[in-house]
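Have a look at the structure below before the remarks.
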Amino acid sequence: MSKATFDPTLYNSSDNTPFATVLERHIHRRTLIRTGSAMAALSIMASLGLSGCDSNSDKHRSSGAGSPVTLPDAEKPLTALGFQSIPGSRTDAIVVPENYKASILAPWGTPLNDRAAPWKPDGTNTAEDQANSVGMHHDGMSFYPLNGSHEDGLLCINHEYIDQDALHPNGVTRDATTRRRILADEVRKEIYAHGVTVVRIKKVEGVWQVVANDRHNRRITGATEMDISGPMAGHDLLKTPFSPDGISARGTFNNCGNGTSPWGTFLTCEENWPGYFANTAERTADQARIGLGTTGNQYGWNDLAGNESEKNDEFARFDVTPRAESALLDYRNEANGHGYIVEIDPYSPDSRPIKRTALGRFRHEACEVGKLAAGRPVAFYSGHDAQGEYVYKFVSSALWDPADAKREDRLAVGDKYLNEGTLYVARFDEDGTGVWLPLTLESLAKDGKPLSESFESLADIILNTAGAADLLGATPMDRPEWGAVDPITGSVYMTLTNNTARREANAANPRVNNKFGHIIRWDESEDHRSFTWDIFLFGAPADAEEGVNLSGLTDLNQFASPDGLMFDERGILWVQTDNGASEVTKSTNDQMLAVIPSALVDAGGNQQVISGTNQTELRRFLVGPNGSEITGLAFTGNHHTFFVNVQHPDNWPYGDDAQEQTPAGVTIRPRSATVVVEKVQGGPVGE
Ligand code: FEO
Ligand code: CA
Ligand code: CA
């Protein structure tokens with residue numbers, strides 16, 4: 001996300017026990033039974049003769065348009081990475097291991113159809129161009145194959161936020177006296193640069209390219225109409241002049257991490273959306289808890305309210321100050337349509353996105369689906385990325401039916417699994433266990449009173465999800481980012497990127513403040529109500545002072561601020577970083593590392609954490625260009641092609657070759673971009 005949109009204010013003023021304290025006595029706790037499942041899976045596969053990585057025995061499910069990208073399965077476990085860790089880098093170029101190549105595929109401004117002019121390096125593309133081109137500041141991403149192909153499919157790309165200086169020829173145009181914004185089309189261009197891109201991509205004569213004018217291509221922007229589903233649908237607090245019945249909303253903002261549903265839809269997550277709205281009067285409880293703005297849209301969009309060209313209050317809606325007699329006459333409820341996970345069916349270009357409110361309303365980083373089992377509920381994990389915020393899980397009421405993965409009415413499948421269920425928040429206890437606390441009216445708060453004494457309905461709980469979680473005694477965390485589920489073991493991993501607001505050291509977490517972040521993991525109980533947890537990996541500079549580099553990292557894998565996190569089907573965990581602390585960035589730009597957690601087992605078959613004895617298994621695979629964050633990863637079903645996003649580079653890309661350095665002395669208009677990473681000779685990446 002970069003520092004540009006991160007809000008460092010501590011909005012959680014509950015007295016819930018900080019996670020740092022919970023860590024006491026736990027840091028050296030290891031093992032448990034967690035690898036029972038991993039070893040069982042490996043031995044079963046060995047007995048079936050499936051333990052190899054024979055690319056001819058490809059069994060990835062990508063049959064037919066609409067089949068899911070990845071169904072977690074343990075059919076091709078890897079036991080070792082096939083590349084060596086690369087050194088750090090600080091250049092205006094991508095760096096990948098020997099025998100790999102990286103090329104530019106879909107940078108900001110790439111036209112999706114003929115309504116857009118080609119991207120212009122002087123910033124003069126119009127709002128209409130932007131509405132028909134790839135958005136800005138790429139983030140989470142998924143690949144959806146067409147007809148089961150590994151060389152033809154759809155990419156869904158999140159666009160988290162914008163760089164106004166890069167978007168316009170000379171930055172923002174303002175009134176010389178008032179300093180308010182004055183150009184409506186400039187603001188529209190910014191709104192359209194947000195949201196999600198759906199784009200057809202295809203490998204032609206060995207080169208991946210964007211397929212312009214494909215019928216699937218579309219932009220979902222900050223202005224796109226979408227539906228509200230789940231507990232908030234039709235709620236009085238969703239009613240606006242635009243949606244008097246409270247069942248629709250306009251746009252999705254700050255789409256950061258993502259998820260992919262087992263039925264082949266894209267789940268995009270609204271993260272730092274509170275900054276897009278402002279209430280200059282007294283904020284409501286939920287607005288104060290989440291940190292909604294008090295002075296104006298962070299980009300000044302509501303400066304154009306009342307502009308003669310304004311249509312349907314397109315600018316006025318960002319001012320959520322109550323100004324009229326009722327909610328049907330002003331936009332006091334506009335922000336209540338934001339803060340959700342939004343489901344998009346990439347295969348159905350005419351379908352409307354749906355905001356899935358049952359999964360909670362907070363600064364959603366990403367959404368990861370738990371390991372599937374027929375006849376069991378489906379779990380969806382999402383972290384609230386702010387200092388001292390919580391980890392959430394939604395568990396569907398519907399039980400998983402594998403036939404649903406093949407249905408073509410995908411949003412109806414989404415209705416089945418994403419509208420009804422129970423939202424939980426996590427409490428991590430000192431003994432290495434944890435409890436999922438249900439966010440329901442019947443749930444008992446820390447004071448023993450049910451939430452029904454504080455909230456009138458489930459919708460009221462959802463509206464102020466974090467406030468309800470405070471009452472239950474959830475554990476404040478060090479900025480939860482992406483989650484990932486190990487397809488081999490079912491263990492859930494989540495990045496905790498950093499937290500410099502917490503300054504107290506303790507015996508179990510000996511760093512004075514968590515500048516470098518860590519990755520926690522847990523295993524669910526049978527009933528989904530509790531779990532066991534440990535810490536898999538601590539970020540740190542290799543030369544950190546004593547007591548900081550707890551995972552024994554070296555120059556070849558030091559990192560800070562873990563953020564993007566994904567498992568592929570082979571059990572490789574890919575870790576991406578964002579804004580590494582200066583102690584690390586003096587040696588390397590942001591990066592992507594890899595490790596196979598299920599292969600790190602002791603003689604007893606227990607999974608291990610990363611430590612000085614096994615840290616060489618954590619390997620740096622890619623380093624980004626200067627100034628950039630590496631975020632978002634998708635791959636083809638055969639793993640031969642990886643798509644990686646580079647967000648907010650300083651002075652890149654220079655050409656089609658992502659590895660080409662921008663020449664010294666040359667300054668270019670920077671473009672976030674999707675990069676293709678492949679082996680030079682072909683074959684599965686990472687092996
Ligand atoms: Fe958008 Fe939390 O990174
Ligand atoms: Ca981040
Ligand atoms: Ca992120």
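Figures for the structure shown
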item	result
Test: GLN659 is under 21 Å from GLY109 (Cα atoms) and part of a loop (DSSP other than H, G, I, E, B)	yes
Residue, nearest to the chain's Cα centre (by Cα), within region 269-298, restricted to residues that are polar (S, T, N, Q) and more than 20 Å from PHE455 (Cβ to Cβ)	ASN272
Filter pass, GLY632 being within 22 Å of the chain's Cα centre (by Cα), open to solvent by 10 Å² or more (accessible area, probe 1.4 Å), at pLDDT 95 or above and not β-branched (Val, Ile, Thr)	no
Listing of strands (runs of 3 or more DSSP E) fully contained in region 222-302 that carry 2 or more residues being within 16 Å of ligand 3 (Cβ to nearest atom)	255-260, 266-270
Test for GLU569: is it in a loop (DSSP other than H, G, I, E, B) and under 21 Å from the mean Cα position of the chain (by Cα)	yes
Residue among ASN638, ASN579 that is in a loop (DSSP other than H, G, I, E, B), open to solvent by 20 Å² or more (accessible area, probe 1.4 Å) and touching a strand residue (DSSP E or B) at 6+ places or on another chain (Cβ under 9 Å)	ASN579
Hits in region 300-351 - residues which are among the acidic types (Asp, Glu), in contact (Cβ under 8 Å) with a residue 12 or more places away in the chain and within 30 Å of ILE182 (Cβ to Cβ)	ASP303, GLU310, ASP313, GLU314, ASP319, ASP330, GLU334
Residues (within 26 Å of ALA405 (Cβ to Cβ), within 19 Å of the chain's Cα centre (by Cα) and not in a strand (DSSP E or B)) located in region 371-395	LYS371
Subset of region 553-577 (residues that are away from ligand 2 (no atom under 16 Å from the Cβ) and within 16 Å of LYS515 (Cα to Cα))	LEU553, GLN558
Scan of region 82-92 for residues that are surrounded by fewer than 23 Cβ atoms within 10 Å (Cβ to Cβ) and out of contact with any Leu (no Cβ under 6 Å at 6 or more places or on another chain), ordered by number	GLY82, PHE83, GLN84, ILE86, PRO87, GLY88, SER89, ARG90, THR91
Count of region 97-123 residues which are part of a loop (DSSP other than H, G, I, E, B) and under 23 Å from the mean Cα position of the chain (by Cα)	3
Residue that is most open to solvent (accessible area, probe 1.4 Å) [pool: residues in region 269-297 that are of a type in the set (S, T, N, Q) and away from ligand 2 (no atom under 16 Å from the Cβ)]	THR295
Residue match in region 48-64 (condition: in a helix (DSSP H, G or I), open to solvent by 60 Å² or more (accessible area, probe 1.4 Å) and modelled with pLDDT under 95)	yes
Some residue of region 187-207 being over 18 Å from GLY109 (Cα atoms), touching a residue at least 12 places away in the same chain (Cβ under 8 Å) and either within 16 Å of ligand 1 (Cβ to nearest atom) or touching a helix residue (DSSP H, G or I) at 6+ places or on another chain (Cβ under 8 Å) (or both)	no
Residue match in region 587-594 (condition: over 24 Å from the mean Cα position of the chain (by Cα) and either more than 16 Å from ligand 2 (Cβ to nearest atom) or over 27 Å from MET141 (Cα atoms) (or both))	yes
Only one of LEU399, LEU451 that is modelled with pLDDT of 95 or more and under 27 Å from SER13 (Cβ atoms)	LEU451
Among the candidates TRP108, TRP119, residue that is surrounded by fewer than 24 Cβ atoms within 10 Å (Cβ to Cβ) and among the aromatic types (Phe, Trp, Tyr)	TRP119
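The values are calculated or read from the model by the stated rules, or taken from the named source; none is laboratory data. Remember, it's a predicted structure, so these values are computed and weren't measured experimentally. Because the Cβ atoms are built from the backbone with ideal geometry, glycine has one as well, and the counts that use them run over all protein chains shown. What goes into the accessible areas is simple: the full protein's heavy atoms, side chains included, and nothing from ligands, DNA or RNA. Shrake-Rupley method; radii C 1.70, N 1.55, O 1.52, S 1.80 Å.
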